[in-house]
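First up is the structure itself, then whatever we jot down about it.
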Amino acid sequence: MTAKIVTFGISKGGCSKSTSSGITSYLLSKEEKVLAIDMDGQGNLTSFLTGEYDICNVFEEKTVLEAILNGDARPYIIKIKENLDLLPANDFLATLPRRMFEKGLKLDALQKALKPVMEDYDWIIIDTPPALSEQTVMPLSTHSEAGSYAVVMFDGSMFAYYAIPKFLEIVAGARERYNPTLNVAGILFSLIDSRAKENEIMEESIEEDYPDLKFSTIIRRKASTRRLAISGFDGNPELKTALEHYIPFVKELKERVR
Amino acid sequence: MSDKNKIKERLKKPSATQAFFNSYDQDIVNNNETNKDEVEDNNENVNETENIVDVEVNHNNDNNQDDVTYVIDDNVVNVGDDDDYLRSLAVGKKATRKKNKKVFTSFYMEPDLAREVDKIASRGAKGDKSKLINTAIRKLLEEYGVIERNN
């Protein structure tokens, strides 16, 4: 097997990138082998999947930063549960651009670090920060023979609306220079207030601007989903409610990247 | 500039994403130049002085210029600085040279200019393209009175 790579991104914060990539990893791992990679120095995906919030100390020098700098992810991958592994991140990831420059690494550095594990997983799910940076560009520049895809997160706001073309430009740049088979899997709505009157206009605008890219599934944010960061997945009595919108999304994602 | 040209200029301006990717292309070139700098910095001062003289002579011969500013890798030295530098060496004082900071930038060139610059640079060594561009812009800005003329 060769891993399919799915990168969640948008150049705006608070669009549910970490939550969506975490839940997607969890759901996919029920049937297949998944490696989740945290490329955001805030480490929210790391905390979300491990339940650990003291990430600077607990994952000191055991993160994706070291994996990239040393050109091999294997020593830094941790097991979350059966079929689900994580390459964690912490705040020190902020030093990545400088360290890459010092070592003369290019934007294919993540590709090189992942090469030894590409055959070990069915899926590699990557969370990115809301910025144009190495942490965002490298995942998109990482090629897989099984396919690599971007999921564009959208929270229904004007800020995010204007961030979409910018993110798509990053995708185009990565495709042109490093990853010719990179595709956009789709635009995923994750609405903060599902009753907001502008949602309908936004949906129409996205459908007009980016035909066929919008996922049919719309994530409507719920308190139970937010509480996953507190309660975790195992033994969580409200898990079914928390994952309600993500189950159809993952099904749709699998169909789109088949 | 006409409105049409202004719009064209605006369209040609690279986006942040393009600038980001371009910076990696430039980094590769710069790394090569930096490695060369490091090697040369490890040479003895005597050798370094000889190199400076060689470059100055070549520069003046090739271009028949009175301009005495010349560039050796990332060190920009004018004659005044060079005099002080050599004087310090001669009297046995610790010699220091002023280093100008380099910055990365990217811009669009007109195709005919780009071709000529590449042609000239291909005959020289690494870093010569930057030298040529810097020399040209420096001369223009001196002529405009934007920056002071080097003696």
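The values are calculated or read from the model by the stated rules, or taken from the named source; none is laboratory data. Being a predicted model, the structure only gives us computed values, none of them experimental. Glycine also receives a Cβ, built like all others from the backbone with ideal geometry; neighbour counts cover every protein chain displayed. With ligands, DNA and RNA removed, areas are computed over all heavy atoms of the protein, side chains included. Shrake-Rupley method; radii C 1.70, N 1.55, O 1.52, S 1.80 Å.
Here is a list: A:I10, A:I78. Which entry is modelled with pLDDT of 95 or more, under 30 Å from A:D193 (Cβ atoms) and of a type in the set (V, I, T)?
A:I10
Return the residues of the stretch A:76-118 that are without any contact (Cβ under 8 Å) to a residue 12 or more places away in the chain and either farther than 19 Å from A:E134 by Cα or assigned to a helix (DSSP H, G or I) (or both); say none if nothing qualifies.
The answer is A:K79, A:R98, A:F101, A:E102, A:K115.
Taking the stretch A:173-184 only, how many residues are open to solvent by 10 Å² or more (accessible area, probe 1.4 Å) and modelled with pLDDT of 95 or more?
Count: 2.
Select from the stretch A:99-118 the residues that are of a type in the set (K, R) and within 14 Å of chain B (Cβ to nearest Cβ) and write down the one among them that is farthest from the chain's Cα centre (by Cα).
The residue in question is A:K103.
What number goes with the only condition from (1) surrounded by fewer than 17 Cβ atoms within 10 Å (Cβ to Cβ); (2) among the hydroxyl-bearing types (S, T, Y); (3) farther than 28 Å from B:S15 by Cβ that A:T225 does not pass?
(1)
Just one of (1) touching a helix residue (DSSP H, G or I) at 6+ places or on another chain (Cβ under 9 Å); (2) modelled with pLDDT under 95; (3) more than 20 Å from A:F167 (Cβ to Cβ); (4) of a type in the set (S, T, N, Q) trips up A:N57, so point out which.
(1)
For A:K30, indicate whether it is over 12 Å from the mean Cα position of the chain (by Cα) and either closer than 20 Å to A:N83 by Cα or open to solvent by less than 10 Å² (accessible area, probe 1.4 Å) (or both).
Answer is yes for this residue.
Would you check which residues across the stretch A:119-172 are free of Cβ contacts under 8 Å to residues at least 60 places away in the same chain, of a type outside the set (F, W, Y), open to solvent by 10 Å² or more (accessible area, probe 1.4 Å) and within 14 Å of chain B (Cβ to nearest Cβ) and list them?
Within the stretch A:119-172, A:S133, A:E134, A:P165, A:L168, A:E169, A:A172 meet the criteria.
Are any residues in the stretch A:35-54 buried (at least 24 other Cβ atoms within 10 Å of the Cβ) and β-branched (V, I, T), and if so, which ones?
Selection gives A:I37, A:T46.
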